[in-house]
Each structure stands twice: as C-alpha cells, then as structure tokens.
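Working notes for the structure below.
The values are calculated or read from the model by the stated rules, or taken from the named source; none is laboratory data. For clarity, every value in this text was computed on a predicted model and none was experimentally measured. All Cβ positions, glycine included, derive from the backbone under ideal geometry; neighbour counts span all protein chains shown.
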Ligand code: ADP
C-alpha cells in the first residue's frame, strides 16, 4: 500500500479582470469557488485513482473545510484514520486568477504545520510518499522511520526546500520538476536516485529518458497538478511491483490526464 504524508488545503479561488497592485482593491467577478488541494491530498487522490490502497497522514482543523475534505477523501477510497484534527484552521490557499489565466497564490499552512510523523504500520512492499508542504523535519523523521522498516520512500521535493542529506540518500527516487531540479543542482544535496519531470517533454530517471503520454495542444486545459498526479500514480505503481519503465508509463498517463481537466484533482469542488 501507499502511505501519503503531506498537506491538505482548501483552495479558495476568485477570478478578477486584473490583479490588484499593493494597496489596491479590485472586485472579483464571481463567487468564490472552493476546491480540494494541497500536494498531499492531490497525490493521495491520484494514488487511490490508480487503485492503490492509500493511507493519508495529515492534519486538518476542527472546521467545516476540514470535515468536508476528510469526507471527500473517504469517498474516494482513501483511509483517513491518520488524518488528525489539529488546534489550527485547515490549511488554505487563496488563489486569484486574472483574465489572462495568470494566478497569484497565498498559502496559509494552518493545520499542515501540525502534521506529525506518526505513521501507520508499514514495511517491505509499501511506499511512503512525501512532499514539502509540511515541515521538513517531520518529513525527514517519517522518511527515516519508513526506510528503517523496509518501505520504499518517494520524496517529491516540492515546493523546493533543502533535504537533509540522509533523506536525499534514502529516497528512491527524489522527484522534481525542471525548476526544482535547478534549485537542487545549485545546492550541495545529492539524491541517490533522481527523477526529473519535463512537462510535455516527459521525464528522466537517473539519466534514462522516458516520453510523456501525448496530449494534443487543444486538449491542454490546466496544467495545475500534473506533477502531483504523476507522483501519486508513480507511488501506486511502485507499490504494485511495477518496474521503472512501467511505473513511469503509468505516472505519465496520470500526468497527461491531469492536464486535460481543471484543478489539481478530478471534480475538485469541496
Ligand atoms: P509539475 O506539474 O510539477 O510542474 P510537470 O509539468 O513536469 O510537473 O509534469 C509532470 C508530468 O506530467 C510530466 O513528466 C508528464 O508525464 C506529464 N505532463 C505534464 N504536462 C503534460 C503535457 N502538456 N502533455 C503530456 N503530459 C504532460
């Protein structure tokens, strides 16, 4: 099975004609939309969609958004028994999108800052999948514990932050996109196994290139969440015993599917 430790955010989206300048007020042109987001939740949903048995380790607040998100995950087949209720509001992303499709985002971590490294039982054959929207020391502790128990650890180093050296060395693989790969290359952190995704140009895993699944230019609706779908499906495939080529093929198919719909998860309304 796949244990996903990471963030759960309620994404609040407002559309504006143009972004406000500092000190300025603009009116949104419609009601606020509320979506399920956060890299942890996005990846857990993607792993469940790939038919893995998924346990989510996360924290939400004692509020309506948190309850709605837990209920959504349960409905999608994700085990939420390790989603704690923390003394802080459920994480939020305030997203403003202008007429050009350009967005600006403010993330309020809230309950995500309270995630602990208490993992459910896991061992050989299982995969721990983590990202860096929750505190890095917690991610590191969970990664070490899972590795010590024989589980495979997949680290999506996004948003980019410096990984402790031992975590970069035990991850199999560290997954980054092109921007994060540049930041990683500028650091003194060395990943034992590195998988870099290049959008429509596919990916490379320890130097071996793999193609993306073809998507027609007119089919690309919203590239948000392609990386999350890729990581979730990759972890599911690895837990299923797939080899590299097969795991990447399934991950690329999920990434390609994600760019064909709006939002970071399919039908993401909360
Ligand atoms: P991120 O969303 O983190 O920036 P990428 O854009 O590199 O990550 O996308 C991750 C993966 O999703 C790619 O390796 C590819 O398999 C798939 N993908 C992303 N964009 C496209 C696209 N336009 N066409 C086909 N596949 C895509």
Return the pairs, sorted by first residue and then second, in which the second residue is away from the ligand (no atom under 12 Å from the Cβ) and assigned to a helix (DSSP H, G or I), the first residue lies in region 252-268 and is touching a residue at least 24 places away in the same chain (Cβ under 8 Å) and closer than 19 Å to residue 242 by Cβ, the beta carbons are less than 9 Å apart, and the residues are 6+ apart or on different chains. 254/49; 254/236; 257/49
Out of region 226-247, which residues are more than 10 Å from residue 127 (Cβ to Cβ), touching a helix residue (DSSP H, G or I) at 6+ places or on another chain (Cβ under 8 Å), more than 10 Å from the ligand (Cβ to nearest atom) and in a helix (DSSP H, G or I)? 232, 246, 247
Which ones in region 29-49 are over 18 Å from residue 89 (Cα atoms) and modelled with pLDDT of 95 or more? 42, 43, 44, 45, 46, 47, 48, 49
Looking at 73, 12, 27 in this structure, which one is in contact with a strand residue (DSSP E or B) (Cβ under 7 Å, 6 or more places away or on another chain) and outside any strand (DSSP E or B)? 73
If a residue must be surrounded by fewer than 16 Cβ atoms within 10 Å (Cβ to Cβ) and touching a residue at least 12 places away in the same chain (Cβ under 8 Å), how many such residues does region 21-52 contain? 5
Within the bounds of region 217-225, is there any residue that is farther than 20 Å from residue 131 by Cα, in a loop (DSSP other than H, G, I, E, B) and out of contact with any helix residue (DSSP H, G or I) (no Cβ under 9 Å at 6 or more places or on another chain)? yes
Leading residue by the ranking (nearest to the ligand (Cβ to nearest atom)) among those in region 150-180 that are in a loop (DSSP other than H, G, I, E, B), touching a strand residue (DSSP E or B) at 6+ places or on another chain (Cβ under 9 Å) and over 23 Å from residue 59 (Cα atoms): 173
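I want to confirm something. Restricting to region 242-256 and keeping residues that are more than 19 Å from residue 206 (Cα to Cα) and out of contact with any strand residue (DSSP E or B) (no Cβ under 8 Å at 6 or more places or on another chain), which single residue is surrounded by the most Cβ atoms within 10 Å (Cβ to Cβ)?
254
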Name the single residue, out of those in region 194-213 being near the ligand (Cβ under 7 Å from one of its atoms) and in a loop (DSSP other than H, G, I, E, B), that is surrounded by the most Cβ atoms within 10 Å (Cβ to Cβ). 212
